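Below is one structure; the comments refer to it alone.
The values are calculated or read from the model by the stated rules, or taken from the named source; none is laboratory data. Bear in mind the structure is a predicted one, so any value in this text is a computation, not a measurement. Cβ atoms come from the backbone with ideal geometry, glycine included; neighbour counts cover every protein chain shown.
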């Protein structure tokens, strides 16, 4: 391992500015370049970080320019950090490997309509879905869905979900129960994806893939979507690990994913039936990477970087990853806190939380702007509380207990 | 020439952790306007200016959690070990916290500079917890050098210990967010340096000590939390923490050093005889507890003197500290007692410039019963007595209407107004009388009448007259308060000295019509038709009554005049000042900044011309007749540029050592008087009259950037020695000049 590191001269490009990712690759002693918004140039220069300024948001035909810049620096692989950089990584890696299909594959991950279709064709269970271009489409979908569920007049509708085709996680997500909810939608929200509501427990996987093979599979148990989760999953969910692994492998095969990390979300019914929600190929939210490191002791950022690199050897990976589940030192959980008030007056962190043996740390301060920003999707959380302990049930009840707590008054 | 508060530190607050993923943090970060964007990894959004800290009253009673019970009951302890569990748990908790804190420091220490921001949060969080107890504070102290070196302050406004400023500390500590804890850590770092436990490369032990002494002296409300304001319900954890810090600092540093500072500060403020004395009074109020501590005798005496001055300075008032009782005793008192009262009141005012509420009661009493004592009670000079005798009726009415215990400070102004012989200008008498019955505009009435006045039945006219008397008696006591309106304050001060008629006319116009008009190059400008102003239309109300009435108008008019000169390619003050202030201002004007390029051009000529027009050795003996409004650069103690400011040169004269000094009026009640490079304006001891500051001639010139002069009265510029010019240039270039390009 040491030898290959010393000899390594080709760069890994991190797409998106993220200090934890930079720190991770820096500690790997791998030569790297960061591609990020131009505002970070000064900081990068000051800290001796090789940097290429790039505006990912702007759609243009200039990906070739970025490729040329990176190629000139002797870059061999691009690692996407943020949702918006996934297709950029696809385009770049297509160039680096002279394989245009890599780019098309990455597009599967950026268009939720395409993604679902692909999954469905591969025999993966998904809900009923359609793309909507106007509000009329949504009215019709809601109506037809509920007709199919044999609802009569006066019965409460089963909800449907609408979400943007290409946004991360819960951004732009709406739950629609009746026509009024549809009226609230803005014209800019179209086109979007509509899908039936799936019951069951939601969880996510973080699968580190190298050469099309799952090297490490983490299961993250959601306690409350967008608010709390913990790692590894409870024994009740981990019991389904072989099934889950099978499903993830199916996804990897059908999406022809060769290298990197994927972050699919599933719903599992009581009988073990798995419904596929969606999949992303970048760093997941909810502090999941931090939790993986806390629970398993390896840096998930480093894992992503190593797995993204085709040159990483099987031995290196074997030495890097610990054994799934059994090697975890305990359960690591996080609770994301959203103020429930419009104006923050003060912070209210109860003593019994701070003295709870599961409590590790929190990062809440009274924000300078006391006015709370309006939430989009699940919005940006104002702080996170980290827990660690050896009982998944205790973890779950703590996360539930404090989700209701008003930390900001 | 507005004072630009660019010393406001840009501070940031942690909002979001950076775990990548879901939302597009990278893209959101990009849109933040700050130039040093990468810091937003840990810090987001700007912060309020520090100055706001001055205005916030944060005097909650210190409610220290009695965590450690001093008298554990031994019997219970023996029977029920659980009973003392509280104490033990707390002790363990603190030690667990310390362990956690130290391990967080290790992570921070090991992080590369670019990654430090990710590890600072946890350190701040644990420091907040530790700062909750005295033991915790001590642990922070013990770790001070370690956290400084680990990079707690890295890439933030506190990074360079040698660039910190004492006046900013209080404001930071009184903020709710993360900055108050960083500020606290910074004080602990300085304490560690001051005590010699931490050898710092950029800050000496002595510098750290004097920094902390100044911080303590400037924040007496934190050092001695007043006991009266417990009513405030709002929980102030951060205030309690700041108070705990100050207890700690107070215990570690010698009270003597601070006592001198405090007394020095009170003396320095009072010797300038400001009209607004609220802050001085609250300083005295808070420092009075210190009299009980072991402090220097001289300081103690001085403190007692000040405290008596604002409470009961005379024998009778000391004996009967209830104001009603005092008044009834006055009725019974004989001539001798009353004379004694008058004499002691006068002496106290003479010594301190502060007036006791009893003094007002006394004046009201003799106004009715013993007017003959008035000259003694007002401490009048010969001119004052003559002036009083010629206007007894007017003075009687003024006192009746405007002198109350709540407005007692105006007594000082009244005496000085008479001494200045203002009333010998006959047209002023009806002009003042007019104010007694002026029909005041409802909006102005509202701003004049504080609840305290309303409650005691004082009318808006009473307040206005009291304020007018103060301004006429103490022209150099006018202050701009917290407003960026040095121009307006300077105008009021100038008119109070030389344009009494104009001042009174403006007061009447402003108070009655809520409008003032001035003519600029033939065009009439009405303030009531203008919006905005330098202060953006928002005037902080901590001002004397006359300023309250005039500043909103003057500020807008001044701003409007400046706008009209924007495109002239020269500094607009050249035309605005003579029209705004009046014909007292000479037409010649020079600014050392080239308005087109923004460069310092022909600095030598600037200095030579100033010497040739103002320095008695070079200007053919022409004396300065009226105050000269000049522009100066304000610099901090390190000589770094803080902003532009407007002051007036009052006079130029030799001091006792035969050195020429410039005596000037500074409308900013800024307590930091150290401008760096050894330039420290003095307010006493160098021949200053009350309200004046002074500097040696060349030092003042080294901070000046614009002045007016009379082109018909000047000496030869070539007579000014090269060595003088070179010296001044050197001082300028190594201070404010570093922010400019010189050509």
ask   = Where residues in the stretch A:109-133 are assigned to a helix (DSSP H, G or I) and touching a strand residue (DSSP E or B) at 6+ places or on another chain (Cβ under 9 Å), which of them is nearest to residue A:83 (Cα to Cα)?
value = A:112
task = Could you tell me whether residue B:503 is closer than 18 Å to residue B:558 by Cα and at pLDDT 95 or above?
result = yes
ask   = Are any residues in the stretch B:139-152 surrounded by fewer than 20 Cβ atoms within 10 Å (Cβ to Cβ), in contact with a helix residue (DSSP H, G or I) (Cβ under 7 Å, 6 or more places away or on another chain) and within 23 Å of residue A:49 (Cα to Cα), and if so, which ones?
value = none
note = Quick count over the stretch B:432-449, residues being outside any helix (DSSP H, G or I) and surrounded by 15 or more Cβ atoms within 10 Å (Cβ to Cβ), is 4
ask   = Among the residues of the stretch B:577-593, how many are in contact (Cβ under 8 Å) with a residue 12 or more places away in the chain and either over 13 Å from residue B:561 (Cα atoms) or assigned to a loop (DSSP other than H, G, I, E, B) (or both)?
value = 11
key: Residue in the stretch B:129-138 that is farthest from the other protein chains (Cβ to nearest Cβ), counting only those that are buried (at least 21 other Cβ atoms within 10 Å of the Cβ) and in contact (Cβ under 8 Å) with a residue 40 or more places away in the chain   = B:137
query = When residues of the stretch B:135-153 are filtered for being in a helix (DSSP H, G or I) and more than 32 Å from the chain's Cα centre (by Cα), how many remain?
reply = 10
key: Residue that is modelled with the lowest pLDDT [pool: residues in the stretch A:310-366 that are buried (at least 16 other Cβ atoms within 10 Å of the Cβ), within 11 Å of another protein chain (Cβ to nearest Cβ) and more than 26 Å from the chain's Cα centre (by Cα)]   = A:366
key: Verdict on residue B:171 being crowded, with 23+ Cβ neighbours inside 10 Å, in the same structural domain as residue B:244 (by TED's automatic domain parsing) and not in a helix (DSSP H, G or I)   = no
Residue B:72 in contact with a helix residue (DSSP H, G or I) (Cβ under 6 Å, 6 or more places away or on another chain), surrounded by fewer than 21 Cβ atoms within 10 Å (Cβ to Cβ) and modelled with pLDDT under 95 = yes
query = Which residues, counting only those in the stretch B:454-473, are farther than 19 Å from residue B:412 by Cα and in a helix (DSSP H, G or I)?
reply = B:454, B:455, B:460
task = Would you mind stating whether residue A:32 is more than 10 Å from chain B (Cβ to nearest Cβ), surrounded by fewer than 23 Cβ atoms within 10 Å (Cβ to Cβ), more than 18 Å from residue A:262 (Cα to Cα) and touching a strand residue (DSSP E or B) at 6+ places or on another chain (Cβ under 6 Å)?
result = yes
request  = For the stretch A:134-157, indicate whether the set of residues that are closer than 18 Å to residue A:279 by Cβ, at pLDDT below 90 and not in a loop (DSSP other than H, G, I, E, B) is non-empty.
outcome  = no
message = Can you go through A:184, A:142 and tell me which one is crowded, with 17+ Cβ neighbours inside 10 Å and over 28 Å from residue A:107 (Cβ atoms)?
response = A:142
ask   = Which ones in the stretch A:60-100 are in a helix (DSSP H, G or I), away from chain B (no Cβ under 14 Å), surrounded by 21 or more Cβ atoms within 10 Å (Cβ to Cβ) and in contact with a strand residue (DSSP E or B) (Cβ under 6 Å, 6 or more places away or on another chain)?
value = A:70, A:92, A:93
message = Every residue in the stretch B:286-302 that is buried (at least 18 other Cβ atoms within 10 Å of the Cβ) and assigned to a helix (DSSP H, G or I), please.
response = B:286, B:287, B:290, B:299, B:302
task = Output the residues belonging to the stretch A:262-292 that are more than 12 Å from chain B (Cβ to nearest Cβ) and out of contact with any strand residue (DSSP E or B) (no Cβ under 8 Å at 6 or more places or on another chain).
result = A:270, A:271, A:272, A:273
message = Which of the numbered conditions does residue A:53 fail, given that it passes all the others? Conditions: (1) more than 9 Å from chain B (Cβ to nearest Cβ); (2) farther than 21 Å from residue A:310 by Cα; (3) out of contact with any strand residue (DSSP E or B) (no Cβ under 9 Å at 6 or more places or on another chain).
response = (3)
